[in-house]
Each structure stands twice: as C-alpha cells, then as structure tokens.
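So the structure is just underneath, and the comments pick up after that.
Every number in this text was worked out from the coordinates using simple rules, so none of it is lab data. Only a predicted model underlies this, so the values are computations on that prediction, with no experimental measurement involved. Don't worry about glycine lacking a Cβ; one is built from the backbone with ideal geometry, like all the others, and counts go over all protein chains shown.
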Amino acid sequence: MTSEHLIQDKIRLALSRSQCTVFRVNVGRVRMADGRYFTTGVPEGHPDLYGYRWSDNQIFYIEVKNERGRPRKDQIRFHDFLQSHNVIHGIARSPEDAVKIVKEGLVGYGFN
C-alpha cells in the first residue's frame, strides 16, 4: 500500500507543474515541557493541501488518502463547510485525482 506522504509529495509536484501554488498543512499536537499541549492553528479536519490556480486565483483544498483511506468525521464536517460555499475540494488518491479536481473545479470529489 502506498503511503499518504508519498502520494502527497507526488500531488504537490503535479499541481505545481499544472500552474498552481500549493501549501502543505502541518498538523499535530505536541506536549510542551510544562505539560500543556500545543496544537496547530488550523481547524480540525482541515485538508492536507490547499492552494490556488494561477489562471484565476481560485482556491482549492485537497485531502490526500491512499487506496484504502477514508475521511474522518472532522474531515467530513470540513467538507460539508466547503461544499456549502461551493469551494473546489476533494479527496485525491493520486496526482491525477488532484489535477482533475483542480483543473475541472470539482466540489466534493471523492466524498460521496
């Protein structure tokens, strides 16, 4: 099974070659020396990648999954939010999926 990290790297390269700027979102939770936890500043369920098309500056979000990966409940909630605002987004299991989502302006690809 292909790792999501490897798929993500290939997607970033493919989207960059397709005239897009792409940002990777680092998420996580770290326990600090004083015992408190620090979490990243993005909302729960935020997709792995986001960016914009150079042609029209249209924003997009990509959730990366391997062939067996399924979206979590918080990712589905974020999808519902993006869907309600007609924002380009979807689940990509390959670079081809990601390029299709972005080039065709698909909303919610792979969530159904």
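With both residues required to sit in the chain, DSSP beta bridges show an antiparallel share near 65%.
Summarising the label geometry, the points placed 7 Å from Cα in the beta-carbon direction at Ser55 and Arg70 lie 3.5 nm from one another. Between 0 and 90 degrees, the angle of helix 73-84 with respect to the longest Cα principal axis of the chain falls at about 40 degrees. Can you match volume of the Cα convex hull per residue in Å³ to one of these, [x] 91; [y] 103; [z] 118, based on a calculation from the structure here? Checking each listed value against the structure points to [z]. Among the chymotrypsin sites (Phe, Trp or Tyr not before Pro) found in segment 1-64, those both in a DSSP coil and sparsely packed, with 16 or fewer other Cβ atoms within 10 Å of their Cβ, are Trp54.
If contacts are Cα pairs under 8 angstrom and at least 6 residues apart, what is the relative contact order of the chain in percent? It would help to have the intermediate numbers written out before the result.
Numbers: 186 pairs, mean separation 29.6, N = 112.
Relative contact order comes out at 26 percent.
What ranking of Leu15, Leu82, Leu106 emerges when the number of other C-beta atoms within 10 Å of each C-beta is taken as an exposure proxy, fewest first? Kindly include the intermediate steps, with their values, before the conclusion.
Numbers: Leu15 24, Leu82 20, Leu106 15.
Least crowded to most crowded, the residues run Leu106, Leu82, Leu15.
For segment 26-82, GluC sites (Glu not before Pro) meeting the loop criterion (DSSP other than H, G, I, E, B) and having at most 14 other Cβ atoms within 10 Å: Glu44, Glu67.
Length gained on full extension, Glu104 to Asp9, computed as 0.36 nm times the residue gap minus the Cα-Cα distance: 32.1 nm.
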